[in-house]
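The values are calculated or read from the model by the stated rules, or taken from the named source; none is laboratory data. Just so it is clear, the structure is predicted and the values come from calculations on it, not from any experiment. We place every Cβ from the backbone using ideal geometry, glycine too, and count neighbours over all the protein chains shown.
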Ligand SMILES: Cc1cc2nc3c(=O)[nH]c(=O)nc-3n(C[C@H](O)[C@H](O)[C@H](O)COP(=O)(O)O)c2cc1C
């Protein structure tokens, strides 16, 4: 039996037309030889479907330079030009920007090219299990949606559309303090509580109120972002903004007020004493103080070194996210996938280590898990999907990444996440 039969590629079935397939088979010499339908039936389990790409998918079709439906995307990169087309220049620039020359943004991607995957053969990989358990919750996938602020700038349905997509596809997500949607609404859209990412502000009363509200809403974890202490130079944003002919002040106000004025997590809070959102004066004492009020799990996001990882454990942190804010914090040229091993070594299995920055392929996910990460987060890719197509765009981004991840798990001979180990990769 030929090994490359035209079976549906995935459970989405978007580009797949059963009638066309049957017509194709009827015309095929393979059909006359018999056994093809039986072979199809034998392979048409959900697991088998995920293994093979449909030769009928994507053909025929007139697709321009930019996709105009989620189903036309071959990979998650295809969503970026579609987002650029859909967004005003300033909002696209906000999403795209790194800092300074965007070299750390690029380094996050380039870091993956330094790692190779070791293919394993003759292992039964028909059934793949990508579930992961963190803080007592089981997620269908180790791919998490990172906190991204102000998603109303990308689509009016904002975090609500993202949460619905996360629910449909079985992913966990993290809501930003400066999201365009409240945690209560996001939880309702996802059908279960999401993690809450905290920008602390420099007014403890505000910080405490934010934490209490998130905990009351059931957040399984509070994620303190610690990587925005020094200001930043988002040149790509500034350059793109020059092309935007709209009047920004119609919606935005200057300074700190702009960051919270339309952000529902600050509704009803007295922010008159707040001068800074990011906790510029924050030290480990602050982490200790926060640890004292957070009843559940406390996670630090933005750790890049073994020194800080060790310190975090001393302060009772429950998980770390290796992150440079998607190349939007410092222009360090240090990729997150490059920093991951030293953090993993310092943590030595005591708490989960997550990582984000530049994840665009299923192979990237496998490389991070093989380097000791428990899960990974994506930022821009799902926002491209959101900006271009709303909820269906986010769903397709997640579908593609998950499908690619399962494909490379099979090629690496791993049927569950525990089988992805250091032996699955080699580093140059
Ligand atoms: C437009 C934008 C806004 C972001 N807002 C936040 C935020 O509010 N809080 C936070 O901790 N990280 C924020 N991040 C960083 C992401 O959580 C994540 O670390 C990063 O996007 C991962 O890199 P990637 O975009 O290459 O996947 C933001 C990133 C982008 C692109």
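None of 205, 217, 192 is away from the ligand (no atom under 13 Å from the Cβ), over 21 Å from residue 88 (Cα atoms) and buried (at least 16 other Cβ atoms within 10 Å of the Cβ) except 217. Scanning segment 142-169 for residues that are outside any helix (DSSP H, G or I), more than 12 Å from the ligand (Cβ to nearest atom) and under 24 Å from residue 363 (Cβ atoms) gives a single hit, 142. Of the residues in segment 262-277, not one is assigned to a loop (DSSP other than H, G, I, E, B), within 26 Å of residue 378 (Cα to Cα) and more than 15 Å from the ligand (Cβ to nearest atom). Scanning segment 281-331 for residues that are assigned to a loop (DSSP other than H, G, I, E, B), at negative phi and within 14 Å of the ligand (Cβ to nearest atom) turns up 282, 304, 323, 324, 328, 329, 330. Within segment 94-116, one or more residues are touching a residue at least 24 places away in the same chain (Cβ under 8 Å), farther than 30 Å from residue 259 by Cβ and in a strand (DSSP E or B).
Only one of the numbered conditions (1) within 14 Å of the ligand (Cβ to nearest atom); (2) in contact (Cβ under 8 Å) with a residue 60 or more places away in the chain is not met by residue 339, and that is (2). Being assigned by TED's automatic domain parsing to the domain that holds residue 401 and surrounded by 19 or more Cβ atoms within 10 Å (Cβ to Cβ) is the requirement here; does residue 168 meet it? Taking the combined requirement at face value, the residue does not satisfy it.
Can you tell me which residue is nearest to the chain's Cα centre (by Cα) among those in segment 371-394 that are part of a helix (DSSP H, G or I), more than 13 Å from the ligand (Cβ to nearest atom) and crowded, with 23+ Cβ neighbours inside 10 Å? So, considering only residues that are part of a helix (DSSP H, G or I), more than 13 Å from the ligand (Cβ to nearest atom) and crowded, with 23+ Cβ neighbours inside 10 Å, the one nearest to the chain's Cα centre (by Cα) is 394.
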